[in-house]
Amino acid sequence: MKGKQMVLGLNGDEAVAYGVKQCNVDVIAAYPITPQTIIVEKISEMVANGEIDAEIILAESEHSALSACVGASAAGARVFTATASQGLALMNEILYIASGLRLPIVMAVVNRALSAPINIHCDHSDTMSVRDSSWIQIYSEDAQEAYDSTIQAFKIAEDRSVLLPAMVTLDGFLISHTIQNVTVLPDKDVLNFVGEHRAIPEIEMEGEKFPLKLDPERPLTFGPLDLYDYYFEHKRQQEEAIKKALSVIKRVNEEFSELSGRRYGNGLVEEYKLEDAEVAIVNMGSAAGTTKYVVDKLRKRGLKVGLLRIRTFRPFPADDIVKILSDLKAVAVMDRSMSFGALGGQLFIEIRNALYDLKNRPLVINYIYGLGGRDVPAKDIKKVFEETSEIAKRGFVKKNELIRFLGLRE
Amino acid sequence: MRCVKLLRGWREIPIAGIPFMSSIEYKTGSWRAKKPIINDKKCIKCGLCWVYCPDFAIKWDGRETPKVDYDFCKGCGICCEECPVKAIEMVRDEG
């Protein structure tokens, strides 16, 4: 039975903490860093008030925080952590261990630029730099989605066919510190949705079944030496698992929409006014909100423009993207991060790659934008639409138009 | 004649790198360059080599001279270093 939902004034960080509280998490290990701090503060407060029956470990670094999460998750606990920027960079080594050991840890990453020079504001360089770590990555557009995605992430990560850790990202300050009306589910509904405890999967060895966790009664070795004879096979299993997450994320998005009435496209990508569009922008995170506003404005003037928001960057929903973009004339991919020395930003590289096999493919150009929290006003998004429409009309991309910097002073 | 074990495919093995065969099947003794020889006459049966062996490759019943399990001894030489009466010698292992 679905209960009545409640509207609260929460910023993105508080919304994430509220979601974590409702998911009956056993262990939270974290280290505070701007702009994620509020998440850890709020959860500490909830634990201290007895609102959550969880063990909170305030570690001396992010490396230790995620290591503690790995231990707790290997023991069968439902585990949460949160970080940003330098903290995520410091966790790098343990990220690969968490995914390699197939531990469904959920982590909120509040996107913030990487040093140097030091900067506390939003861009996606931090999560983009760990895109190959076999963690699921879901990018939120606003505080509501950060709350919803946090709850969904537990269900996705813990699915038997996935068993991989998941990151839910929210743009630093733009979402994390901006108060919004967030509609929250009743505690009981969330608990029913994610399950009271983490379901421990079984693995079979020599015809015998073992629960996949550290248990003195049925001992297993986690993380032993795995050389050239089996390491490759284990990595192939990880690739299979993250690909399986594509359908799990879609399914969880549907189930969540039945429960809450809220859905985010098909869970992987969200289309906005693309049915008859000729020109589109592809982006992620909070800039998608501004883009929707601009699309509405330009549509009123009769321009056939639209937006494709990538919600799930890992696993990369290539099939959905190809299907949606194939009929367009020109597409502008916006990257809030730089892959230095590469042929464009990370999102651009993947999207252009995905479209390569199409006979009739749209022209694709790249804009790097918003680094270090550089504002992305509606007029900049409008400029992207105008320039992309011009390229669509012309029918080819000039060399100096392929990769450009939006909002940069020359 | 050596028996070659058929390696299994990625669909057949447990996930997460959990070892699905016992470490007893990995004969790490082949890594060795030098092997320890325990001199029965010098040995005072104190058991320190048994205590210090990082691989449980020294077997001891608590009374007799300890024995080295050459299937697993990697030849690290810690037993030789720790023996208080110099009863263990590391000699070149010719295989």
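Since every read-out is calculated from the coordinates, none of them should be taken as a lab result. Because the structure is predicted, anything quoted here is derived from the model rather than measured. Positions of Cβ are backbone-derived with ideal geometry, glycine not excepted, and every protein chain shown enters the neighbour counts.
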Worksheet item: Farthest toward the dipole's positive end in the stretch A:256-353, which of A:Leu298, A:Leu268, A:Ile324, given Cβ charges of +1 (Lys, Arg) and -1 (Asp, Glu) about the Cα centre?
Response: A:Leu298
Worksheet item: Taking the Cα centre of each part, how many Å lie between the stretch A:236-261 and the stretch A:358-406?
Response: 31 Å
Item to complete: Compute the FRET efficiency between A:Asp319 and B:Arg11 as 1/(1 + (r/R0)^6), taking r as their Cβ-Cβ distance and R0 = 25 Å, and round to the nearest 0.05.
Response: 0.65
Practice prompt. Return the calculated 222 nm mean residue ellipticity for chain A, to the nearest 500 deg cm²/dmol, obtained by summing -39500 (n - 2.57) across DSSP H runs with n ≥ 4 and dividing by the residue count.
Written response: -12500 deg cm²/dmol
Worksheet item: Between the stretch A:59-110 and the stretch B:24-95, what's the alpha-carbon centroid distance in Å?
Response: 40 Å
Worksheet item: With each run of n ≥ 4 DSSP H residues scored as -39500 (n - 2.57), what mean residue ellipticity at 222 nm is computed for chain B after dividing by its residue count and rounding to the nearest 500 deg cm²/dmol?
Response: -2000 deg cm²/dmol
Worksheet entry | Length-normalised contact order of the stretch A:275-359 in % [C-alpha pairs under 8 Å, at least 6 apart] | 33 percent
Fill in: Shielding by partners - mean other protein chain Cβ count within 10 Å, residues of A:222-233
4
Worksheet entry | Burial ranking of peptide ranges A:318-328, A:157-167 (average Cβ count within 10 Å, highest at the top) | A:157-167, A:318-328
Worksheet item: Dipole magnitude of the stretch A:121-171 about its Cα centre, charges +1 at Lys/Arg Cβ and -1 at Asp/Glu Cβ only, in debye to the nearest 20?
Response: 300 debye
Worksheet, complete the sentence: Rounded to whole angstrom, the alpha-carbon centroid of the stretch A:11-50 lies from that of the stretch A:297-329 at a distance of 34 Å
Response to the item:
In nm, the gap between the two label points placed 7 Å beyond Cα toward Cβ at A:Lys235 and A:Thr221 is 2.2 nm
Practice prompt. Figure the gain on full extension for A:Glu271 and A:Ile118 (residue separation times 0.36 nm, minus the Cα-Cα span) and round it to one decimal in nm.
Written response: 51.6 nm
Discussion item. What distance in nm separates the two pseudo spin-label positions at B:Val51 and A:Lys399, each 7 Å out from Cα along the beta-carbon direction?
Written reply: 7.5 nm
Fill in: Proximal lysines relative to A:Lys250, as straight alpha-carbon distance under 17 Å, when same-chain residues fewer than 8 apart are discounted
A:Lys155, A:Lys323
Worksheet item: Across the stretch A:133-144, in residue order, what do the Karplus-derived ³J(HN,Hα) couplings come to in whole Hz, using 6.51 cos²θ - 1.76 cosθ + 1.60 with θ = phi - 60° and x for Gly and Pro?
Response: 8, 6, 9, 6, 10, 10, 9, 8, 8, 8, 5, 4
Worksheet item: On average, how many beta carbons from a partner chain sit within 10 Å of the beta carbon of a residue in A:332-341?
Response: 0
Practice prompt. Work out the length of the dipole vector of chain A about its Cα centre, built from +1 on the beta-carbon of each Lys and Arg and -1 on the beta-carbon of each Asp and Glu, and round it to the nearest 20 debye.
Written response: 1960 debye
